[in-house]
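See below for the structure under consideration.
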Amino acid sequence: MKRNRVEAFSDGVLAIIITIMVLELKVPHGETFSDLAPLLPVFLSYVLSFVYLGIYWNNHHHMLHASDRVTGAILWANLHLLFWLSLVPFVTGWMGENHFAALPSALYGVVLLMAALAYYALQQTIIASQGPASLLKKAVGGDWKGRLSPLFYVAAILLAFRWSWAAQGVYVLVALIWLIPDRRIERALDADRAAR
């Protein structure tokens, strides 16, 4: 199977996830700025989750472009990732509605952790199907971001029960780490095209 169908399906699912998330932002019954104040935690949790989904969309796109075919195992690994990402609107809404309380903040971290592990599993499944000399394997190398992020999420989950604000800081930190453009896959694709 060609990667185009998987990519189009995944893009559609991510677009729906973002749409569901924005629908959770309820319009206030008032016309002043003070009427918006109670929505601030909901809006901030939405912004954080929107950034995370954007990061996943961007990296997923690049990862699929580094593969030349899609196997059944890749399809299942991709669905596994999409499952965890589909839970983002729920935990985003719960965390925002409860003003970043301990349990909702911890569950938010659990979903981020599971999505990160699912992404890593998808990456490894693609590499396994392409062989040890795969373009993706060359591109990701040691993948320090992918290995470090789950550790940060575990720390944030534990912090959420003591200092919820610190857990939020860790979630923002991981998002910032991933926002720094990572051109490894693009460079590997360019090098591969130049070698042909």
Exercise. So, of the residues in segment 48-91 that are surrounded by 18 or more Cβ atoms within 10 Å (Cβ to Cβ) and among the hydroxyl-bearing types (S, T, Y), which turns out to be farthest from Q124 (Cα to Cα)?
Worked result: S49
Exercise. What's the number of the condition Q168 fails, among (1) more than 18 Å from V70 (Cα to Cα); (2) at pLDDT below 95; (3) open to solvent by 20 Å² or more (accessible area, probe 1.4 Å)?
Worked result: (2)
For this session: Name the residue, out of S129, S105, that is surrounded by 16 or more Cβ atoms within 10 Å (Cβ to Cβ) and at pLDDT below 95.
Result: S129
For this session: Test V110 against the stated conditions and say whether it is under 17 Å from the mean Cα position of the chain (by Cα) and surrounded by fewer than 17 Cβ atoms within 10 Å (Cβ to Cβ).
Result: no
Exercise. Do we have S129 as under 30 Å from L159 (Cβ atoms) and polar (S, T, N, Q) here?
Worked result: no
Exercise. Can you spot a residue in segment 139-160 that is touching a His at 6+ places or on another chain (Cβ under 9 Å), touching a residue at least 40 places away in the same chain (Cβ under 8 Å) and either surrounded by 16 or more Cβ atoms within 10 Å (Cβ to Cβ) or more than 25 Å from I74 (Cα to Cα) (or both)?
Worked result: yes
Exercise. Of the residues S45, S10, which single one is open to solvent by less than 40 Å² (accessible area, probe 1.4 Å) and either more than 18 Å from H80 (Cα to Cα) or without any contact (Cβ under 8 Å) to a residue 12 or more places away in the chain (or both)?
Worked result: S45
Problem set entry | Cross-chain or 6+ apart pairs with Cβ under 7 Å, segment 75-104 first and under 13 Å from E24 (Cα atoms), then among the polar types (S, T, N, Q) | V88/S49; T92/S45; T92/S49; M95/S45; M95/S105; G96/S45
Exercise. Would you call T19 assigned to a helix (DSSP H, G or I), among the polar types (S, T, N, Q) and without any contact (Cβ under 8 Å) to a residue 40 or more places away in the chain?
Worked result: yes
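The values are calculated or read from the model by the stated rules, or taken from the named source; none is laboratory data. The model shown is predicted, which means the values in this text are computed figures rather than measured ones. Backbone-built Cβ (ideal geometry, glycine too); neighbour counts: all protein chains shown. We work out accessible area using only protein heavy atoms, side chains counted, and drop any ligands, DNA or RNA first. Shrake-Rupley method; radii C 1.70, N 1.55, O 1.52, S 1.80 Å.
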